[in-house]
Amino acid sequence: MEVDLDREKVQEKIEQTGKADLVVGIVADIDQSGIEILVEGLRDFPGAPHIVVLQKGNSTKQSATTAEGNDQDAAEDAAKDASLAVLPWPLELGAAETPVEIISEAYRSVFAASDKLEARACCIVASTLESVTSQWICQLLRPLLQEDFDFVAAHYARRTFEGLLNNSIIYPLTRCLYGKRIYNPMGPDLGISRRLYQKLLATNGNSRPGNSRVHALASFAPTALCGNFKVGQVHVGARVDTPTDWMNVGSLMSSVLGPLFVDMEVNASCWQRTRGSIPVPEFGSPLPVLHETGRVDIGRMVETFRLGNRDLREIWGMVLPPATLFELSKLARLAPEQFRLPEDLWARIIFDFALAHRLRTINRDHLLRSLAPLYMAWVASYARELDAGATSAEQMIDRVALAFEAGKPYFISRWRWPDRFNP
Amino acid sequence: MWYQAKVALDESATKFLTGLARLLPGVVALVAALLISILVAWILAKIVRRMLSGFHFDDKLTRWGFASLADWSPLNSPTRLVSRTVAALVIIAGVLIGLAAVDVESTTLLVRSIFAYIPNVLGAILVLFIGTVVARFLGRSVLIGAVNMNFQYARLLSAGVKWLVIVLTVAMALEHLRIGPGIVQLAFGILFGGIVLALALSVGLNSKELVTKSLDRETRPNTSETIEEPFHHL
């Protein structure tokens, strides 16, 4: 038998709970036993703050036995430990379709609950149980409560070929624009203080309806950095990537980079003033990059790039200057063993695409999807260099970031005077 | 007899000259209307060209994705195309007014049928415009999607989709204009079917490799020496 997880009942429970020091929003798909393991770890948090754990409901319907079981367990927990409560939290996903939009909506929902509970800080857990431990959550929360930080991001110990979009675009771009070296500015596991989540909620309230729903996840770090909030990051373990329902790399580029580029427009006055970058305070011990074993076949990616160079030239020609197109033609003629996309060229390509996104040179979705073959070229180049053993993953990522920083004057001048050069 | 022949000749000459005299003011009015409309067309064309140049119409059109319009335009300038179109319309209006002055009855009928046809023309132009925009959009979507999926025939697929929509659009426009409806429908059916068949063959030929690879992957175990899909983008 199915019953509705009545939103009013949930609201009542929240009102009964009253206030909380911390809210932990679990938006990952973790079963009940996993939740219990996480909750057990939170009981030992120093200072015994009042913690409310919001457990994501996948739909408003739950089986009757589960709902009753949850109520009984919740009652038992409440009796056992008044400082910790687990509440089911039905997420209002609205028009969210892609995983990025769904996570953004989940974040907003947790912020709203935190605001109702007047929590000093909240933490969002979006990774699966294979990687997330209760210690991990405590590590994210400690700087918020004890050191008065406003934004705490998780710095994952990744494998060589994990987080490639983050390593190639998101991290270098955020570092270059806002001047702070946050390795995972888009989380998804984040700790946020009351000051910051109230600002984020207010920003969401002021923005156009329907528009803000897409941009939330990309805007957390920039909002914190531009608003002079205290930002830090925590070294956590390896994050297991759950299989996602991405249709192809083109869809991924569109759904992730779109909000990022839109946020750049919003914060243009902020990032144009910064120069260089500085590291942010870090907590925990840095964990080394875990290396993959075995050889990687880059032939398919090089082929995709060559196909893009042949068939998408007309579109790239509307975005990229002739010098860049010439470099790409030269690159397309290289054999896979010699394939290398220079970092400065890659940085300029991303800057030109960001500018074209702002100017709406072509349909934005088409623009970002057409970036996919170029991204494949970067991945192929990255994989080949690592395979050759000439450099390490950390050094490569750092080189990319430095290339972005070196290319920032070019980007600023193109941003301010786009008609000066119009391919 | 000579007298009667002379009378008949005089009468026919008089009739002709009378008819001509009756027609002459109309002809003069026609020529005057033509000259005035040419003058007005020239002035309007200049004004339109100045306005569009000030608006950077050519650059903006390229940015909006209508770069190919420049290829069809005189001197590769859509501004000139628009200004000359405006001039042509004004001259046509002048000719029609002049024709109405020559012979009210028959030219009035002509003018009426032309004006009755104008909504069809406007409808056809609108259909063509929207169809062209949709065709370009869909063509580009298919091109990018096919390239990202590593289709070697991405361009062919994209061109096929684009021409499919254009053929459909042109058929709808011709139907609006009531030009050879039967023949157009038949030709459209044959052309449309041909393009769909070509697209199906293209997709089928491309998929052959994908299906083969997929089946091969199912039957052959992964070797530990090669990582097939180690990449995680997020």
Pairs needed: first member in region B:136-148, in the same structural domain as B:Ala159 (by TED's automatic domain parsing); second member anywhere, of a type in the set (Lys, Arg); C-beta distance under 7 Å; at least 6 residues apart or different chains. B:Arg136/B:Lys162; B:Leu138/B:Lys162; B:Gly139/B:Lys162; B:Leu143/B:Arg155; B:Ile144/A:Arg369; B:Asn148/A:Arg369
Looking across region B:64-85 at residues that are over 16 Å from the mean Cα position of the chain (by Cα) and either at pLDDT 65 or above or under 13 Å from B:Ile38 (Cα atoms) (or both), the single one that is nearest to the other protein chains (Cβ to nearest Cβ) is B:Trp64
Test A:Ala403 against the criterion of being surrounded by fewer than 21 Cβ atoms within 10 Å (Cβ to Cβ) and in contact (Cβ under 8 Å) with a residue 12 or more places away in the chain, and give yes or no. yes
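For residues in region B:141-156 being outside any loop (DSSP other than H, G, I, E, B) and either within 20 Å of the chain's Cα centre (by Cα) or more than 7 Å from every other protein chain (Cβ to nearest Cβ) (or both), which is surrounded by the most Cβ atoms within 10 Å (Cβ to Cβ)?
The selected residue is B:Ala146.
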Test A:Asp344 against the criterion of being within 14 Å of another protein chain (Cβ to nearest Cβ), charged (D, E, K, R), assigned to a helix (DSSP H, G or I) and surrounded by fewer than 21 Cβ atoms within 10 Å (Cβ to Cβ), and give yes or no. no
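Of all the residues that make up region A:187-218, how many are at pLDDT 80 or above and part of a helix (DSSP H, G or I)?
Qualifying residue count, region A:187-218: 10.
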May I ask you to list pairs of residues, at least six apart or on different chains, whose Cβ atoms are under 7 Å apart, with the first in region B:123-135 being assigned by TED's automatic domain parsing to the domain that holds B:Leu164 and the second being among the polar types (S, T, N, Q)? B:Val127/B:Thr169; B:Leu128/B:Thr169; B:Gly131/B:Thr169; B:Thr132/B:Thr169; B:Ala135/B:Thr169
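Taking A:Asp297 as the residue in question, decide whether it is surrounded by fewer than 18 Cβ atoms within 10 Å (Cβ to Cβ), within 8 Å of another protein chain (Cβ to nearest Cβ) and more than 25 Å from B:Ser141 (Cα to Cα).
Answer is yes for this residue.
The values are calculated or read from the model by the stated rules, or taken from the named source; none is laboratory data. Note that the structure is a prediction, hence the values are computed from the model and not measured. Cβ sites come from the backbone with ideal geometry, for glycine too, and all protein chains shown count toward neighbours.
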